[in-house]
Amino acid sequence: MGTVYRNISLFKEQGIVKYVATVDGEERIDGRTDPHAHFVCNRCGRIYDVEDNEPTAAETALIGDGFNVESKSVTYYGVCDKCK
Ligand SMILES: [Zn+2]
Ligand SMILES: [Zn+2]
């Protein structure tokens, strides 16, 4: 178990996987590195990928003010369709 977590932090350092969220005290990571949002179900703890390709109003405003957005992390929490 210790080895697994060490490997995960190594992957994170190399940018291969991304930290997504902590569910029930357990760190969840993602092998998908292209920009997308996540939905975490508060009941089953499953994490869903959410397509998030359009710049948000906040990003548009930041870019308009001359800021350079390099990354973002969007996580929605709720109840998934299987747990409703
Ligand atoms: Zn669920
Ligand atoms: Zn993902």
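No value in this document is a laboratory result; all are computed from the given coordinates. For clarity, every value in this text was computed on a predicted model and none was experimentally measured. Because the Cβ atoms are built from the backbone with ideal geometry, glycine has one as well, and the counts that use them run over all protein chains shown.
What are the residues whose amide H is under 5 Å from the amide H of Asp52, where those residues sit 5 or more places off or on another chain and H is modelled from the backbone?
Here the answer is Ala37, since their amide H atoms fall under 5 Å of that of Asp52.
State, to one decimal in nm, how far the label point of Tyr19 lies from the label point of Tyr77, with both points 7 Å from Cα in the Cβ direction.
My value for the distance between the label points is 1.6 nm.
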